[in-house]
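The block underneath contains the structure these notes are about, expressed in structure tokens.
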């Protein structure tokens, strides 16, 4: 008697979700052993390499920003219905939506109405703990389990009345060797008189436009104090031309590097960093690079953020620890003088630097608490939902 295939329907709305989905599929195959896998859904090139034939192109839904979303809204609404109907017809053993919550969670909601018996997991907790907190409670009827990347999220979702949430770990934990220096790179880090300093103004054009003038003047002030300092700016290939144009007018010009290998090499050698607030601050903490963080946006964006965000800090290492270890400068506080002063304070072997490094060690301990394999944890937590499914579920 042949073994019936395990049916997984996955919806990954962007490239990062595509990579997570592929790791989930790889681990799921290991868990299934000889049982075949029937894979359907929406994904990109990485999931396609795992055998997913996407029901429509991922590019249809990989859109960010208020304006682009509004422009593509009719297509997005149609694709939400397309994905939900396809999932309901497939009657999967498990539905997995990954990140892109504005799309994936709407698919989950429609699927729950069309086929209530399907277990639904969502990987990557939406930032409901930071803003639009009412979303947590609204997710509960149509998501059985949230698979969280950050260790504080299960408690936050419970407090907000959201779905059951399990911390499965962050993919960065699997990349520590790529972020940490070898012996030669460690020696470069030790040089406080000729330090290598990372300049990380963000990955969105709006961030770059608002932050780079302050960053440019800040590193010029650092260079005045430390004439032997070197500066490296890792840039996404699509932004190199824009960044190079801005940097051409700076008094001190950082070296621009592109590609993941160049970025990781810079992280391993850097003694300090000035960075836009975002996920990169967590990368820097795990790479043990003392950091000064900043955010600048349009005036209306800042006003809206002040009304919506209910947190004392937006820096991930600070949120994980529940205390401030990375100094952050927001809007008008992100002046060149303030940024340069904070950066100069973390370069020498002094208490300010030591406090950050001690904090980063604590961040690593928290991040490791789920174990070494986020994908294995995610698969285990998702498969556990099948034990709750009624015996009359479709396909059983």
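Bear in mind that the values in this text are calculations on the coordinates, not laboratory data. What you are looking at is a predicted structure, and each value in this text was computed from that prediction instead of being measured. Methodologically, a virtual Cβ is constructed for each residue, glycine included, from the backbone with ideal geometry; neighbour enumeration extends over all protein chains shown.
Using the Cα gyration tensor of segment 175-367, with a ≥ b ≥ c the square roots of its eigenvalues, what is the shape: rounded (a/c below 1.5), prolate (a/b larger than b/c) or oblate (neither)? Could the numbers behind the result be given before it?
Values: a/c = 1.39, a/b = 1.08, b/c = 1.29.
Rounded, because the longest to shortest axis ratio a/c is under 1.5.
On full extension of the chain, what length is gained from residue 204 through residue 362, given 0.36 nm per residue of separation minus the C-alpha to C-alpha distance? Kindly include the intermediate steps, with their values, before the conclusion.
On the way: separation 158, 0.36 × 158 = 56.88 nm, distance 2.96 nm.
Between residue 204 and residue 362, full extension yields an extra 53.9 nm.
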Exercise. How far apart, in nm, are the 7 Å Cα→Cβ label points at residue 194 and residue 332?
Worked result: 4.3
For this session: Please give the calculated 222 nm ellipticity per residue for the chain, where each DSSP H segment of at least 4 residues contributes -39500 (n - 2.57) and the sum is spread over every residue; nearest 500 deg cm²/dmol?
Result: -14000 deg cm²/dmol
Problem set entry | Gaussian network model of the chain, springs between alpha carbon atoms under 10 Å - residue of 359, 162, 322 with greatest fluctuation | 322
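Taking the highest mean first, how do the peptides 284-290, 373-379, 190-196 order by number of other beta carbon atoms within 10 angstrom per residue?
Values: 284-290: 25.1, 373-379: 22.3, 190-196: 15.1.
Highest-to-lowest ranking by the protection proxy: 284-290, 373-379, 190-196.
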Exercise. So how do 113, 263, 253 line up by other beta-carbon neighbours within 10 Å, fewest first?
Worked result: 113, 253, 263
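Once you have the Cα-Cα distance between residue 248 and residue 228, take 0.36 nm times their residue separation minus that, and quote the gain in nm to one decimal. The partial results should precede the final answer.
Values: separation 20, 0.36 × 20 = 7.20 nm, distance 2.00 nm.
Extra length from residue 248 to residue 228 when fully extended: 5.2 nm.
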Exercise. So, in nm, how far is label residue 113 from label residue 241 when the simple model puts each one 7 Å beyond its Cα toward the Cβ?
Worked result: 4.4
Exercise. Taking a point 7 angstrom from the Cα of residue 132 along the C-beta vector, which residues in segment 33-63 have backbone N less than 19 Å away?
Worked result: 61-63
Exercise. Each label point is 7 Å from the Cα along the Cα-to-Cβ direction; what then is the distance between the points at residue 49 and residue 386, in nm?
Worked result: 2.6
Exercise. Tell me, how many Å apart are the Cα centres for segment 211-230 and for segment 31-54?
Worked result: 48
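Output the peptides 341-348, 360-367, 329-336 sorted from most to least packed, where packing is the average of other Cβ atoms within 10 Å over each peptide's residues. Don't jump to the answer; show the numbers that get you there.
Numbers: 341-348: 19.9, 360-367: 17.5, 329-336: 15.9.
Ranked from most to least packed, the peptides come out as 341-348, 360-367, 329-336.
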For this session: Provide the FRET efficiency to the nearest 0.05 for the residue 182-residue 78 pair, computing r from the beta carbons and using R0 = 41 Å.
Result: 0.20
Problem set entry | Cα gyration tensor category, rounded, prolate or oblate, for segment 1-131 with a/c compared to 1.5 | prolate
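Please arrange 129, 250, 123 by counting, for each residue, the other beta carbons lying within 10 Å of its beta carbon, fewest first. Walk me through the intermediate numbers first.
Values: 129 20, 250 17, 123 27.
Least crowded to most crowded, the residues run 250, 129, 123.
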Exercise. Considering the values [x] 5, 21, 30, 24, 14, 5, 1, 0; [y] 5, 24, 34, 24, 10, 2, 0; [z] 5, 23, 36, 27, 8, 0, which represents P(r) over Cα pairs in 10 Å bins from 0, in percent as calculated for the structure under consideration?
Worked result: [x]
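Fewest Cβ neighbours within 10 Å first, please rank 34, 93 accordingly. Intermediate results must be reported in sequence, preceding the final value.
On the way: 34 5, 93 23.
Exposure proxy ranking, most exposed first: 34, 93.
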